[in-house]
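Structure first, commentary second.
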């Protein structure tokens, strides 16, 4: 009985030792929204493909996280994914250092039409964070170093690529108050495609050429 109790106590110590450094730090989820278009700018709707997403360090080759899934764009060409607790891969510090690489690989399957077999489409971004004046700042870049446009408010960081890749227009949401709401997803889509925002509706929600102000956490 004592041996069993000692093993249980040891297990508790190990678990708390592992999570102890994380206590008191916010836990962030990341969501991505992307829209596919062909070379003429037409939306690629209801298209099937396989998507593989990997997280790695810029400074190393070890895969921190990976998933693969069969993906289908909706009637407007949109698709998305979420990585829960991505904050566990971000190093806490005063400066932006050792970013995480987010690698997305688009693979054709037996029904894919927009890319041919053997012509995989790969997109890479980096994500890093730092603490400044008791707040968390985040930064995202393309692999060649150009920064993504960022919008930040309480509990929310939104990023968009100002120079979309061929086929892909995309953006990210990072929040410490998951799950991500459908309203926030719609806000991101409107920010990514400002020319398609309904002006009357946008004005009532605070859209002025940028991300909707307080769209997610606005208090009534």
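Brief remarks on what is shown
- Within the stretch 58-97, the residues that satisfy the criterion of being in contact with a strand residue (DSSP E or B) (Cβ under 7 Å, 6 or more places away or on another chain) and without any contact (Cβ under 8 Å) to a residue 12 or more places away in the chain are 62, 63.
- Residue 129 being modelled with pLDDT of 85 or more and within 24 Å of residue 59 (Cα to Cα): yes
- Annotation: residue 158 fulfils all but one of (1) over 15 Å from the mean Cα position of the chain (by Cα); (2) crowded, with 20+ Cβ neighbours inside 10 Å; the unmet one is (1).
- Just one of the listed residues (123, 100) is touching a helix residue (DSSP H, G or I) at 6+ places or on another chain (Cβ under 9 Å) and either without any contact (Cβ under 8 Å) to a residue 12 or more places away in the chain or surrounded by 13 or more Cβ atoms within 10 Å (Cβ to Cβ) (or both), and it is 100.
- Taken residue by residue, the stretch 49-64 has at least one member that is in contact with a helix residue (DSSP H, G or I) (Cβ under 7 Å, 6 or more places away or on another chain) and either surrounded by 15 or more Cβ atoms within 10 Å (Cβ to Cβ) or at pLDDT 95 or above (or both).
- Residue within the stretch 194-205 that is surrounded by 14 or more Cβ atoms within 10 Å (Cβ to Cβ), out of contact with any helix residue (DSSP H, G or I) (no Cβ under 6 Å at 6 or more places or on another chain) and either at pLDDT 95 or above or at positive phi (or both) present: no
- Subset of the stretch 135-152 [within 14 Å of residue 175 (Cα to Cα) and exposed (fewer than 15 other Cβ atoms within 10 Å of the Cβ)]: 135, 137
The values are calculated or read from the model by the stated rules, or taken from the named source; none is laboratory data. Model, not experiment: these values are computed from the prediction. Virtual Cβ from ideal backbone geometry, glycine too; neighbours counted across all protein chains shown.
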